[in-house]
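See structure below.
Where a number appears in this text, it was derived from the coordinates with a stated rule and is not lab data. Please read all numbers here as calculations on a predicted model, not as lab measurements. Neighbour counts run over all protein chains shown; Cβ positions are idealised from the backbone, glycine included.
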Amino acid sequence: MCCTEKILPLLLLYLVECQVVQAENVTVMEGDRAEIACKLHSYDGSIVVIQNPYRQTLFFNGTRALKDERFQLVSFTNKQLRIALSDIRVEDEGGYYCQLYSEDTHHQVAVVTVLVPPKPVVEVNGDDPVENGDVELICTVPRSKPPARIRWFKDKKQIQGVSSQQQSGKTFEITSVVKFPVQRKDNGGTVTCEADLPSVKSSKQRTDFSLSVRFPPVVKIQPPSVLLREGDDLSLTCSITGNPQPDGVVWSRLNDTLPGRAERRGNLLTIAALSTVDNGTYVCEAVNELGRSADEYVLVVYEIPIATPLPPSTPLPDPGAVVEPQTSVSYAVVGGVLAIFVFAIICVLIVTVWFSMRQKGSYLTHEASGLDEHGEAREAFINGNETHERKKEYFI
C-alpha cells in the first residue's frame, strides 16, 4: 500500500512531463469572453497551431490565420499559447485543437462549452381578464442551453404552471402556462416568472408582469371637510377608480339643472355663494365599457337671518348642509310658554261649561217639582178630597 502511494504520484508526474501539450476545457455564457490556453512542455521552437472545431487554423505560431476579429492573441511564450474569443456564440462551441509539430506531432483538445442563459418573456393569453374571471399567462424562454427551468410566483408565493419544451439545434425553447382567478384587488398586482439553468449557478433571471384586471368604475363624492354657512363656496370632489379608466365624470342635479354659479372642472364641482335655491341632490357619474357608477350628495341650505350671524362653533346636524343659527330668544322656551297658555284656557273652558250645566239641571228639577205640587193642590181645592183620592189611586 505504501509503495502504491509513492509510485502513483511519480507516474502522474511522468505522464505530465511526457505530455508535451496540454489544453484546458472552458465553459462560458453566450456573449461572454472565452480564453483558450495551450500549455507547452519542453518547447523547442517548433510550430504551434490552434484550430477551431471545424479544423480551421486560427493561429500559426502566434499569427492569426483566420480573418475573424473576435479572436485575439493574449500571449505566446515557451510555456503556453493563449488566445481569447470575445462575444462567443453557440456555434463556436466544440473542441479546439492545440497541435505542436516537432519530430512527432502532439495535440490536445480544449472543449469549449457555451451556455445560453434564459431570458423569460411574459404575456397574457387573450384580452385582459375581467374581475371574477380567470387570467392565463404564458412565460416563454425563446433560447436556453441546457433547457431552462421555469417557476411562477404571485404575492411572493409559488404557483404551479405547466411547462413544455422544443429543441432547435443546440438550444431549447421553454414555455410555461399558468392560470388562476382574479379579483378587482389584483389589478396592478405583480406576477413573476423566474427561469434558471438548474446545473449552473447565478443563471437565475426574473421577469415581472403587472396584472391588468378590468372592472366597472367606482365613484365616490368627497364632501367638504369644513362647516359651511350661507354665502360660502361649496366644493365637491368626485374620485373615480375603474379599468379602463373613465374619460371623465358627469355632474348633474336630480330633477333640476345645475345652478348658474356652478363650475365644473373635471372631477371638481364648485358652487359660489350658497343660497337656498341651491338645495338639491347632486350626482357624479362615470362610465366605462363595463358599466356605470354614480354617487349622490344632498345639499340643504337654510336661510340665515341677516341680523343674527351664525357662530362659527355651532354644530350642524348634516355635515353636507348649511343650517340656521340659534337666535337670542330660545324657540323651545317660546313654545313651552304657548303650550302652557293654551292648556290653561282649555281648563278654564272645561270648568265653566261644567258649572253651567250643573246649575241648569238643578233649576229644571225644582221647577218640575213645584208644578206638580201646585197642580194637585188646585185640583183638590176644586174637586174636594175625592178627586185627591182618585189621584192617589192612579199613581198606585
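Amide H neighbours of N187 under 5 Å, at least 5 residues apart or on other chains, H built in the peptide plane: list them.
Residues meeting the amide H criterion: V213.
So what J values fall out for region 251-265 if you push phi through Karplus, 6.51 cos²θ - 1.76 cosθ + 1.60 with θ = phi - 60°, rounded to Hz, Gly and Pro as x?
With the stated coefficients, region 251-265 comes to 9, 7, 10, 4, 6, 6, 9, 5, x, x, 8, 6, 10, 10, 10 Hz.
List the residues, sorted by chain then number, that are 5 or more residues from A65 or on another chain and whose placed amide H is less than 5 Å from its amide H.
When sequence neighbours closer than 5 places are left aside, the close amide H contacts are F59, F60.
Just round it to a whole percent: the fraction of Cα-Cα distances in region 70-115 exceeding 11 Å. Can you show the working numbers first?
On the way: 768 of 1035 pairs.
Of all Cα-Cα pairs in region 70-115, 74 percent lie more than 11 Å apart.
Pop the C-beta distance of S164 and R206 into the FRET formula with R0 = 22 Å and round what comes out to the nearest 0.05.
On the way: r = 21 Å, r/R0 = 0.93.
About 0.60, to the nearest 0.05.
If I take every Cα pair under 8 Å that is 6 or more residues apart in region 50-131, average their sequence separation and divide by the length, what percent do I get for the relative contact order? Don't skip to the answer; put the middle values down first.
Numbers: 98 pairs, mean separation 18.2, N = 82.
Relative contact order for region 50-131 comes out at 22 percent.
So what are the ³J(HN,Hα) numbers for region 288-298, from phi and the Karplus equation (6.51, -1.76, 1.60; θ = phi - 60°), rounded to whole Hz, Gly and Pro as x?
9, 5, 9, x, 10, 8, 9, 9, 10, 9, 9
Among the listed pairs K119/K179; K119/K185; K67/K201; K67/K145; K39/K204, give every one whose C-alpha distance is greater than 25 Å. If you can, show how the numbers build up before the last one.
Working: K119/K179 21 Å; K119/K185 29 Å; K67/K201 35 Å; K67/K145 28 Å; K39/K204 34 Å.
Among K119/K179; K119/K185; K67/K201; K67/K145; K39/K204, the Cα-Cα distance tops 25 Å for K119/K185; K67/K201; K67/K145; K39/K204.
Considering amide H positions built from the backbone, and no H for Pro or chain starts, which residues 5 or more places from M29, or on another chain, come under 5 Å of its amide H?
Counting only residues 5 or more places away or on other chains, the set is L115.
Across region 64-78, in residue order, what do the Karplus-derived ³J(HN,Hα) couplings come to in whole Hz, using 6.51 cos²θ - 1.76 cosθ + 1.60 with θ = phi - 60° and x for Gly and Pro?
Taking θ as phi minus 60°, the curve returns 5, 9, 9, 7, 10, 5, 6, 8, 10, 7, 8, 7, 8, 10, 5 Hz for region 64-78.
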